[in-house]
Amino acid sequence: MIVPNPARRPAKKPRKDSIWGATGYNRAMSWILAVETSTEWCSVALGRATADGAVESWSRHDHTGARSSARVLPAAGELLAEAGIALADCAAIAFGAGPGSFTGLRTACGVAQGLAFGAGLPVIPVNTLMACAESARGATPALPAEVSVLVALDARMDEAYSAAFRWDAAAREWATETRMLVGPPETVPLPAGEFWVAGNAGTVFGERLAGLARATRVLPEAMPHAQPLVAIALRALARGEAIDAALAMPIYLRDKVAQTIEEREAAAAAKAAAQAAGGSQP
């Protein structure tokens, strides 16, 4: 991705040519505002496609803990001001739909809906795990062809969110190799063939994460961020996949927010027993 310095090269306003898609929005106005709050970071990005097919974007990525809701709107306002456009100049609002923190997902979805309703824009829900794969694809050196990306994120409660993706160069989009799941790190399904691991589950769980030793590269820094949301949303916009804001929903994967005291104690005891057993081996 190209992240220009707006002080040196102010953004030009998008053309107002009317190229209306089937859903009724102007495809020529290709700015995307993206909101991602599925973790303890409040991430907001504003970007558009360039003539050469790259993506230029501005972003704010702040560690806010559980207070993303207080930062997300000011961050969006700062980015729009830097680009010199109004919210109504955007084509759609993208948001990290999950999986992730229950509160964070509701924040991102609610903010996207509110902004979209106010400006008369559609929204584009983006899979948080796919966004991590998109970050991995932009790593240096680049993701080789035919190498999959297994995304595994700490889901708390001694579990991991996971899914595997393979980049389809012909379709210019991600193909899903293993479906989204949440469960013990030892049970994460692995893609066939060579793969990278993206996300923080390897750091959190170590060798307990299935397939970590098999991965040809591990990218713990490929975490949820609003910038890859922009790239994914632009491709979805071009395919006419933006939806009415009223239809936006988070992806929760599970309906339980936290463990009981007994469950936490049992998990801690099991972990201690596993560590003791490992330490006693010659």
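Quick note: the coordinates plus some simple rules give every number you see, no bench work behind them. These figures come from a predicted structure and were not determined experimentally. Note: ideal-geometry Cβ built from the backbone for every residue, glycine included; neighbour counts use all protein chains shown.
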Cα extents of segment 140-221 per principal axis, largest first, Å, are 39, 24, 20
Packing-ranked peptide list from 113-126, 89-102, 32-45, highest mean Cβ count within 10 angstrom first, is 32-45, 89-102, 113-126
Less than 13 Å Cβ to Cβ from Arg71, Lys/Arg counted +1 and Asp/Glu -1: what total charge do the surrounding residues give?
-2
Where Rh is the Kirkwood radius over the Cα pairs of segment 177-216, the temperature 10 °C and the viscosity 1.306 mPa s, what D in µm²/s does Stokes-Einstein return?
151 µm²/s
Using alpha carbon centroids, what distance separates segment 29-50 and segment 98-121, in Å?
12 Å
Sites Thr50 and Arg156, calculated FRET efficiency, Cβ-Cβ separation with R0 30 Å, nearest 0.05:
0.20
